[in-house]
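The values are calculated or read from the model by the stated rules, or taken from the named source; none is laboratory data. Nothing here was measured: the structure is a model prediction, and the numbers come from that model. Every residue, glycine among them, receives a Cβ derived from its backbone with ideal geometry; neighbour counts consider all protein chains shown.
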Number of protein chains: 2
Amino acid sequence: MLSKSTEYAIRALVFIQLRNWEQKRPGVGEVAREIEAPEAYTAKILQTLAKHKLMDSAKGRGGGFFFGENQSSLTLYDVIHVMEGDACFHKCGFGLKSCNDHNPCPLHDKYVVVRDGFFEIAKTETISALSDSIRRGDAVLNRIV
Amino acid sequence: MLSKSTEYAIRALVFIQLRNWEQKRPGVGEVAREIEAPEAYTAKILQTLAKHKLMDSAKGRGGGFFFGENQSSLTLYDVIHVMEGDACFHKCGFGLKSCNDHNPCPLHDKYVVVRDGFFEIAKTETISALSDSIRRGDAVLNRIV
DNA sequence: TTATAAAAGGATATAAATATCTTTTTATAA
DNA sequence: TTATAAAAAGATATTTATATCCTTTTATAA
Ligand code: FES
Ligand code: FES
């Protein structure tokens, strides 16, 4: 499972993408409301994402968050990596100090399949692809209730 | 990813099973040493497992931990359920308040495959099967280095 | 040029997970 | 019956994740 912070980050980026497509640059308040996260905490997360150049920000009046040219194909992996590192893609599912094909734990063979499946999703799915499925109405960003 | 506590629990149970097969009932100290976990913390975890009847314990001289008759086919799911609940099998991977087939988040279709894959492992793998793969020499309980 | 709106930065606070320590209960061996 | 070994129970401590608050910097509009 991803950390709450990572989930907030992913949903925030998707929302920013959706608004950007409408020629808007949402601010912290709007993002926090939309992803149903505490505002001050959302601010910290957006700050982290901007610092790592996953998206861009503009200070001052009329400012907000947005994607620049070279930030269009951001993958889930990129976001996870910045927010919580990539232990989840490498760790032994049985809790050993490392995962090793040639000296496996008893879960290794089966666990690796699942772990790699998640890695594949993370490397393949992009913020803009997720956003697009919402724009098309095939998926939702939040629950009504 | 499972919590550290859950990992300790699984490894502890596997070790207890291995020792039981040698007609031994290990105590907290022996278990903690083997799974490389802090002793007092291991004690708490074993206490939780015993309280939930996942294995049995005997107090006093010559006491220790062991599996009773009806505790032989303990699944990983049982252990995870007791240690951290089963959110990981139900939660929305995108962080929505619930996961819903008919009102999916943009990750749903792909995420559910991975999540269900893990659920399948958890429901299928048993402590005794994992232990047996170690006894046979096909897998390890800990890393030399 | 000043007032205002916005993000950045820094300092704290709270909650949850991980870890330790001490006392109590229980069983057994001497 | 007493001393000892072991788990159970309870209290406390530490660390990490989550969350809040206050101040500073920056850009823009009036
Ligand atoms: S060694 Fe445990 S998952 Fe690879
Ligand atoms: S709705 Fe998100 S994983 Fe099912």
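Summary table
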{"quantity": "Exclusive hit being assigned to a loop (DSSP other than H, G, I, E, B) and either away from ligand 1 (no atom under 16 Å from the Cβ) or touching a residue at least 24 places away in the same chain (Cβ under 8 Å) (or both), set B:Arg25, B:Arg33", "calculated": "B:Arg25"}
{"quantity": "Members of segment B:60-115 that are away from ligand 2 (no atom under 16 Å from the Cβ) and in a loop (DSSP other than H, G, I, E, B)", "calculated": "B:Gly60, B:Arg61, B:Gly62, B:Gly63, B:Phe67, B:Gly68, B:Ser72, B:Ser73, B:Leu74, B:Gly85"}
{"quantity": "Residue among B:Ile134, B:Ile80, B:Ile127, B:Ile144 that alone is free of Cβ contacts under 8 Å to residues at least 60 places away in the same chain and more than 16 Å from DNA strand D (Cβ to nearest atom)", "calculated": "B:Ile144"}
{"quantity": "Residue in segment A:76-93 that is surrounded by the most Cβ atoms within 10 Å (Cβ to Cβ), counting only those that are among the acidic types (Asp, Glu) and out of contact with any His (no Cβ under 9 Å at 6 or more places or on another chain)", "calculated": "A:Glu84"}
{"quantity": "Test: residue in segment A:120-137 that is out of contact with any Asp or Glu (no Cβ under 8 Å at 6 or more places or on another chain), surrounded by 15 or more Cβ atoms within 10 Å (Cβ to Cβ), within 11 Å of chain B (Cβ to nearest Cβ) and under 30 Å from B:Arg11 (Cα atoms)", "calculated": "yes"}
{"quantity": "Qualifying residue in segment B:59-75 (condition: more than 10 Å from DNA strand C (Cβ to nearest atom), more than 14 Å from every other protein chain (Cβ to nearest Cβ), on the phi > 0 side of the Ramachandran plot and surrounded by 14 or more Cβ atoms within 10 Å (Cβ to Cβ))", "calculated": "yes"}
{"quantity": "Number of the exception - A:Val145 against (1) in a loop (DSSP other than H, G, I, E, B); (2) at pLDDT 95 or above; (3) of a type in the set (A, V, I, L, M); (4) under 28 Å from A:Val31 (Cβ atoms)", "calculated": "(2)"}
{"quantity": "Filtered residue count, segment B:36-49, keeping only those that are within 14 Å of chain A (Cβ to nearest Cβ) and either more than 12 Å from DNA strand C (Cβ to nearest atom) or not in a helix (DSSP H, G or I) (or both)", "calculated": "3"}
{"quantity": "Verdict on A:Arg143 being at the interface with chain B (Cβ under 10 Å from one of its Cβ atoms), within 26 Å of A:Lys44 (Cα to Cα) and more than 16 Å from DNA strand C (Cβ to nearest atom)", "calculated": "yes"}
{"quantity": "Any hit, segment A:103-121, residues being within 12 Å of ligand 1 (Cβ to nearest atom), touching a residue at least 12 places away in the same chain (Cβ under 8 Å) and charged (D, E, K, R)", "calculated": "yes"}
{"quantity": "Members of segment A:91-126 that are more than 21 Å from B:Arg136 (Cβ to Cβ) and touching a Ser or Thr at 6+ places or on another chain (Cβ under 8 Å)", "calculated": "A:Ala122, A:Lys123, A:Thr124, A:Glu125, A:Thr126"}
